[in-house]
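The values are calculated or read from the model by the stated rules, or taken from the named source; none is laboratory data. Please read these numbers as outputs of a predicted model, since none were measured by experiment. Reconstructed Cβ throughout: ideal geometry from the backbone, glycine too, with neighbour counts over all protein chains shown. Accessible surface areas use protein heavy atoms only, side chains included; no ligands, DNA or RNA. Shrake-Rupley method; radii C 1.70, N 1.55, O 1.52, S 1.80 Å.
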Amino acid sequence: MTVVLVDVANAVGARPDGWWRDRAGATSRLLDRLAGLSARELDGPDGLPLAVTALVAVVEGRARDVDAPNSVRVVRATGSGDDALAATAAELADDGQDLLVVTADRGLRDRLPASARVTGPGWLLAALDAGTPR
């Protein structure tokens with residue numbers, strides 16, 4: 001039973017598909033795709049089963065005002081997205097949640113709670129591309 005916390009700007013930027021021309025649109029598309037992972041069992045980054053109990057996505061900048069599906073909790077950073085993600089990770093860890101953070105940002109990884117597991121956006125994008133539960 002795992003909460004997946006996504007650094008949306010980092011995940012969107014991991015694939016050079018023209019996202020820079022429409023950050024808000026790229027963010028909205030990713031959030032819609034994330035909704036499909038809610039309450040599913042996936043192959044985790046380590047290859048073991050991962051039961052996704054909740055999806056939390058941190059959005060920032062021009063993408064902050066996008067609509068989001070009901071099954072994805074969106075944290076709208078008013079300042080630094082990294083600050084918002086680190087604070088959200090600490091909140092979830094304090095609540096005793098099993099936490100998997102998706103980011104490739106090394107500086108941000110250093111700010112996460114020790115109990116948080118971390119993986120890069122490649123795992124998330126592959127899970128979304130597979131489109132099927134475990």
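Annotations for the structure displayed:
- Scanning the range 33-62 for residues being in contact (Cβ under 8 Å) with a residue 40 or more places away in the chain and either among the small types (Gly, Ala, Ser) or assigned to a loop (DSSP other than H, G, I, E, B) (or both) gives a total of 10.
- Residues located in the range 69-91, provided they are of a type in the set (A, V, I, L, M, F, W, C), open to solvent by 10 Å² or more (accessible area, probe 1.4 Å) and free of Cβ contacts under 8 Å to residues at least 40 places away in the same chain: Val75, Ala84, Ala86, Ala87, Ala90
- Restricting attention to the range 83-103 and to residues that are in a loop (DSSP other than H, G, I, E, B) and within 22 Å of Pro49 (Cα to Cα), the residue that is nearest to the chain's Cα centre (by Cα) turns out to be Thr103.
- Output for the range 38-57, where each listed residue is within 11 Å of the chain's Cα centre (by Cα) and either over 17 Å from Trp123 (Cβ atoms) or open to solvent by 10 Å² or more (accessible area, probe 1.4 Å) (or both): Ala54
- Residues that are at pLDDT below 95 and surrounded by fewer than 17 Cβ atoms within 10 Å (Cβ to Cβ) within the range 92-113 comprise Asp94, Asp95, Gly96, Asp98, Ala104, Arg106, Gly107, Arg109, Asp110, listed in sequence order.
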